[in-house]
């Protein structure tokens, strides 16, 4: 599990089925670490960094072109850690596409397009992870949504590199996915059934 709070901006390079990462952070072999939001396993450690493995399935759903250059890294959380972002699994749902970046005063509004089958998991004022960063959704449209990025997030993330057309890793809200999966199978739930399920969260 992760929280969407970036530990470090590291330098990465794709090498076959591995990503070589130069970073200050020192993991152990086998550790889980989110790289641009994708949970990957540490398979080698060297002076100044480490390597993670990228499976065929992971390559299919992530924006692999963004694993050369600056990347976000976040080690898996401990049970004793504070959750200051939101709960993430490091399971990228799909790639989104940056449609527009607008500077509004000191903030930036970013519009991101999603495949339509995933927009149902995005809610206004809900949480979403973009390249592993925990963010709040402002508005949701038919196939895209709007985020507002405050200066400290913009300065300390690779979001400052975003341009129109860039693909980004998206992890939608875990609870939205689970609730949708539960209710799509049976449309005959009563409100008491819904209340009971919601109380479990």
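For segment 1-14, which positions are part of a strand (DSSP E or B) and out of contact with any strand residue (DSSP E or B) (no Cβ under 6 Å at 6 or more places or on another chain)?
If the condition is that a residue be part of a strand (DSSP E or B) and out of contact with any strand residue (DSSP E or B) (no Cβ under 6 Å at 6 or more places or on another chain), then 14 is the only one that fits.
Checking the conditions here, which among 87, 112, 62 is surrounded by 14 or more Cβ atoms within 10 Å (Cβ to Cβ), assigned by TED's automatic domain parsing to the domain that holds residue 155 and either within 20 Å of residue 167 (Cα to Cα) or touching a helix residue (DSSP H, G or I) at 6+ places or on another chain (Cβ under 8 Å) (or both)?
Answer to the check: 112.
Of all strands (runs of 3 or more DSSP E) completely enclosed by segment 15-113, which ones contain at least 3 residues that are within 16 Å of the chain's Cα centre (by Cα)?
Fully inside segment 15-113 and qualifying: 32-35, 38-46, 69-75, 94-104, 107-113.
Just to check your reading of the model, which residue among 88, 64 is in contact with a strand residue (DSSP E or B) (Cβ under 7 Å, 6 or more places away or on another chain), touching a residue at least 24 places away in the same chain (Cβ under 8 Å) and under 17 Å from residue 128 (Cβ atoms)?
Going through 88, 64 in turn, just one is in contact with a strand residue (DSSP E or B) (Cβ under 7 Å, 6 or more places away or on another chain), touching a residue at least 24 places away in the same chain (Cβ under 8 Å) and under 17 Å from residue 128 (Cβ atoms): 88.
So which of 179, 159, 194 ends up being in a helix (DSSP H, G or I), buried (at least 16 other Cβ atoms within 10 Å of the Cβ) and modelled with pLDDT under 95?
Step by step, each of 179, 159, 194 is checked, and only 179 is in a helix (DSSP H, G or I), buried (at least 16 other Cβ atoms within 10 Å of the Cβ) and modelled with pLDDT under 95.
The values are calculated or read from the model by the stated rules, or taken from the named source; none is laboratory data. Note that this is a predicted model, so its numbers are computed, not measured. Positions of Cβ are backbone-derived with ideal geometry, glycine not excepted, and every protein chain shown enters the neighbour counts.
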